[in-house]
2 protein chains.
Amino acid sequence: MLREDVTEAIRAAVFEELAAVGFARMSIEGIARRAGVGKTAVYRRWKSKLSLVLDLLTAFAVEGLPAPATGSLYGDVRALLEVAAHALRHPVASQVIPDLLVEAARHPEITEAVRATLLDSQRGVVAQVVRDAVERGELARGADADRALDLVVGPLYWRLVVVRDARLPEGYLDDLAHASVAALRA
Amino acid sequence: MLREDVTEAIRAAVFEELAAVGFARMSIEGIARRAGVGKTAVYRRWKSKLSLVLDLLTAFAVEGLPAPATGSLYGDVRALLEVAAHALRHPVASQVIPDLLVEAARHPEITEAVRATLLDSQRGVVAQVVRDAVERGELARGADADRALDLVVGPLYWRLVVVRDARLPEGYLDDLAHASVAALRA
């Protein structure tokens, strides 16, 4: 394998190991086995499983999303929910991030990395949606992006990740977009 | 120790161990050590750490809450949020349940127990709040309790458990109650 292919194989193996056994039980040995490389190939690149996971999350976080810009607050919220529903069904969101949130209580380094991955990119997009809505007069000046993120993403996260209803009721995202817009404007 | 005291000491130790090391790393040995009893005292009562945790969650779930019945939908939602904000700061909610949700993907038995603990009691309370609001004409007939739970508890869960802002902004719960009522009525 080329050096870059080894790095990629290790990264892919970490995601798979995290989903399969979780952070607590994950080992460098297991990662190396899954990647089809020797343990030293892993240790040459990262000094511990923690640094591996942190590096991976940081790489994941960089892929920022553009704000939807549909021309209406409802349209933008509906588009955000579509992307979020897709992302929250991905193993990284449904399995890896909750796992790391649990670990975060014991490893404060993880908290910041998860925050950066899960929140900062979403926060940027929602902040843009809020600014656009304020400009169009759909939201009051001074509307808060963190509040908006809670109201838009919170119910969907609860339903998909906590309640674990992978199959949303028919029309759920349309209804949730309407409800969220009403909440944002309240 | 009396037999009942041993049982209680073990139950308390399980909660502490779950919070401290998590389900994956928790061992019967660690529980026994923390409880100040022998391993056989644990095994005499429960056959595995999984059956211990399931038993504990079931016991926790039984303590149902009465519906707030303040006489208005806003008052009821505000009261629910107060209780939820308190509960979501408890280690069982912030640490143990997310941990078990992660384990649930690997142990389907856990899914049902967590569901019963986290959802069924809350769902009952929210269903009553919705019924009361429909009777007063504050919500349309046929308003859905699961939708209400998503809209009321989702944003707070996101803020307290995912974003991990333990200190809510001043007036946050009042504002969230207003926003949730607007969402429920949308």
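The values are calculated or read from the model by the stated rules, or taken from the named source; none is laboratory data. Note that the structure is predicted; figures quoted are calculated from it, not measured. Cβ atoms come from the backbone with ideal geometry, glycine included; neighbour counts cover every protein chain shown.
Residues checked against (1) modelled with pLDDT of 75 or more; (2) closer than 25 Å to B:THR111 by Cβ:
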{"position": "A:GLY64", "(1), (2)": "no, no"}
{"position": "A:PRO68", "(1), (2)": "yes, no"}
{"position": "A:GLY75", "(1), (2)": "yes, no"}
{"position": "A:VAL83", "(1), (2)": "yes, no"}
{"position": "A:LEU88", "(1), (2)": "yes, yes"}
{"position": "A:ASP99", "(1), (2)": "yes, yes"}
{"position": "A:ALA104", "(1), (2)": "yes, yes"}
{"position": "A:ILE110", "(1), (2)": "yes, yes"}
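Among the residues of segment B:68-84, just one is in contact with a Lys or Arg (Cβ under 9 Å, 6 or more places away or on another chain) and either under 16 Å from B:VAL162 (Cβ atoms) or aliphatic (A, V, I, L, M) (or both), namely B:LEU73.
Inspect all residues belonging to segment A:120-128 and state whether any of them is surrounded by 19 or more Cβ atoms within 10 Å (Cβ to Cβ), under 16 Å from A:ILE97 (Cβ atoms) and touching a helix residue (DSSP H, G or I) at 6+ places or on another chain (Cβ under 7 Å). Yes; the residues of segment A:120-128 include at least one that is surrounded by 19 or more Cβ atoms within 10 Å (Cβ to Cβ), under 16 Å from A:ILE97 (Cβ atoms) and touching a helix residue (DSSP H, G or I) at 6+ places or on another chain (Cβ under 7 Å). Against the definition (touching a residue at least 12 places away in the same chain (Cβ under 8 Å), exposed (fewer than 15 other Cβ atoms within 10 Å of the Cβ) and within 27 Å of A:PRO108 (Cα to Cα)), how does B:ALA166 come out, yes or no? When the stated conditions are applied, B:ALA166 passes them. For B:THR117, indicate whether it is assigned by TED's automatic domain parsing to the domain that holds B:GLY75, out of contact with any Pro (no Cβ under 7 Å at 6 or more places or on another chain), at pLDDT below 80 and buried (at least 22 other Cβ atoms within 10 Å of the Cβ). Spelling it out, B:THR117 is indeed assigned by TED's automatic domain parsing to the domain that holds B:GLY75, out of contact with any Pro (no Cβ under 7 Å at 6 or more places or on another chain), at pLDDT below 80 and buried (at least 22 other Cβ atoms within 10 Å of the Cβ). Please note which helices (runs of 4 or more DSSP H) are completely contained in segment A:1-89 and include at least 1 residues that are touching a residue at least 60 places away in the same chain (Cβ under 8 Å) and not basic (Lys, Arg). The qualifying helices (runs of 4 or more DSSP H) are A:3-25, A:49-62, A:73-89.
Is there a residue being more than 11 Å from chain A (Cβ to nearest Cβ) and either part of a helix (DSSP H, G or I) or more than 11 Å from the chain's Cα centre (by Cα) (or both) anywhere in segment B:98-107?
The answer is yes, given that some residue of segment B:98-107 is more than 11 Å from chain A (Cβ to nearest Cβ) and either part of a helix (DSSP H, G or I) or more than 11 Å from the chain's Cα centre (by Cα) (or both).
From the list A:GLU4, A:GLU17, A:GLU29, A:GLU8, which one is closer than 24 Å to B:GLU103 by Cα and surrounded by fewer than 18 Cβ atoms within 10 Å (Cβ to Cβ)? Within the list A:GLU4, A:GLU17, A:GLU29, A:GLU8, the selection yields A:GLU29. If I ask for residues that are touching a residue at least 40 places away in the same chain (Cβ under 8 Å) and over 17 Å from B:SER180 (Cβ atoms), which ones from segment A:144-163 would you list? Answer for segment A:144-163, where residues must be touching a residue at least 40 places away in the same chain (Cβ under 8 Å) and over 17 Å from B:SER180 (Cβ atoms): A:LEU160, A:VAL161.
Using the structure shown, decide if B:ARG131 is surrounded by fewer than 20 Cβ atoms within 10 Å (Cβ to Cβ), touching a Gly at 6+ places or on another chain (Cβ under 9 Å) and outside the structural domain of B:PHE15 (by TED's automatic domain parsing).
No, not satisfied.
Residues in segment B:7-23 that are under 24 Å from A:GLY22 (Cβ atoms) and of a type in the set (D, E, K, R): B:GLU16, B:GLU17. Restricting attention to segment A:70-93, does a residue exist that is more than 8 Å from chain B (Cβ to nearest Cβ), among the β-branched types (Val, Ile, Thr) and over 18 Å from the mean Cα position of the chain (by Cα)? Yes, there is a match, as at least one residue in segment A:70-93 is more than 8 Å from chain B (Cβ to nearest Cβ), among the β-branched types (Val, Ile, Thr) and over 18 Å from the mean Cα position of the chain (by Cα).
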